[in-house]
1. For the chain, take the alpha-carbon Rg, divide it by the Kirkwood Rh, and send me Rg/Rh.
2. When a footprinting reagent is the concern and you count Cβ atoms within 10 Å, what order do S35, S207 take, fewest first?
3. Taking the Cα atoms only, what angle lies between the long axis of helix 152-164 and the longest principal axis of the chain, rounded to 10 degrees?
4. With +1 assigned to the C-beta of every Lys and Arg and -1 to the C-beta of every Asp and Glu, and no other charges, what is the dipole magnitude of the stretch 101-227 about the Cα centre in debye, to the nearest 20?
5. Which number do you get for Rg(Cα) / (2.2 N^0.38 Å) in the stretch 114-233?
6. Identify which of D181, D72, D26 has the largest mean-square fluctuation in a Gaussian network model of the chain, with springs joining Cα atoms closer than 10 Å.
7. Can you give the % of DSSP beta bridges in the chain that are antiparallel, to the nearest 5?
8. Nothing charged except the Cβ atoms of Lys and Arg (+1) and of Asp and Glu (-1): what's the magnitude of the dipole of the chain about its Cα centre? Round to the nearest 20 debye.
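What follows draws every value from the coordinates through simple rules; no lab data is involved. Given the structure is predicted, the values throughout are model-derived calculations rather than measurements. When we count neighbours, we look across all protein chains shown, and the Cβ atoms used for this are built from the backbone with ideal geometry, even at glycine.
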Amino acid sequence: MDSDTSILSLRDVRYRWPGRASFALDIADFAIAPSETVLLLGESGSGKSTLLSLICGTITAQAGSVTVGGTDLASLSAGKRDRFRAEQIGLIFQQFNLLPYASVRDNILLPLRFAPQRRARVAAPQEEAHRLCTTLGLPEEAIAAQAGTLSVGQQQRVAAARALIGAPPLIIADEPTSALDAATQATFLELLFAQARANRSTLLMVSHDARLAAHFDRVVQMSDVTSPLQGAA
Ligand SMILES: Nc1ncnc2c1ncn2[C@@H]1O[C@H](COP(=O)(O)OP(=O)(O)OP(=O)(O)O)[C@@H](O)[C@H]1O
Ligand SMILES: [Mg+2]
């Protein structure tokens, strides 16, 4: 898959955390086609969250290229990279990262503030936040509640709604189901997939839970895309 036709492409990427000799991420080639759903499996500490940070441009590779929607992230200034991320990527964090004292509605609407193109795709933001809540199975009264007062499973749905609003081309999810029981997990994934498909968004999820595999178009092992550490120098 070449980087012109893929929504996401990493080539010869190398990343080390400053001062950490014992860990290096080394990815020769990893790409995802538009609208694909991909599960990236790897054990704890294998670098999944580090890889997602590279894709989001919150950290920068020391070598190689990370291309999202045809744009090489290294070609953008830090400020432009922040705006690009807000426009292109809907993010579901491992710990959700909701604003606990803000309402569910305001949490869901937050990305639109930093992403005018995403905002322009939503004719009526308040109504869309409400629709996403209902579609993702949140109770009617949740929209006005403080996000921090919801259960973990409900907060996860809010995090998903925040990632989905305005149909960003790429949805990235960092182990968002690990806190849930199997039945709740399956329901959540079905709802997330249905919305991502309706938006024609690409979905990349990382996890260490191989039981999720059946839900995805493609399953990739971290060990298949990363090279082992070459001499901890
Ligand atoms: N902010 C950071 N500063 C320094 N080292 C870090 C930082 N974040 C991660 N690391 C190191 O990078 C390596 C990979 O960590 P990472 O969080 O990417 O793994 P992971 O696959 O997401 O693990 P988990 O499944 O537990 O979430 C680890 O050795 C970790 O200590
Ligand atoms: Mg992680």
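1. On the way: Rg = 17.5 Å, Rh = 18.1 Å.
Result: Rg/Rh = 0.96.
2. Numbers: S35 15, S207 19.
Neighbour counts put them in this order, fewest first: S35, S207.
3. That works out to roughly 80 degrees.
4. Details: 12 positive and 12 negative charges, 104 e Å.
With only Lys, Arg, Asp and Glu charged at Cβ, the dipole is about 500 debye.
5. Details: Rg = 16.5 Å, N = 120, 2.2 N^0.38 = 13.6 Å.
Rg over 2.2 N^0.38 Å, computed on Cα atoms: 1.22.
6. D181
7. 45 percent
8. Details: 21 positive and 22 negative charges, 125 e Å.
Result for the chain is approximately 600 debye, rounded to the nearest 20.
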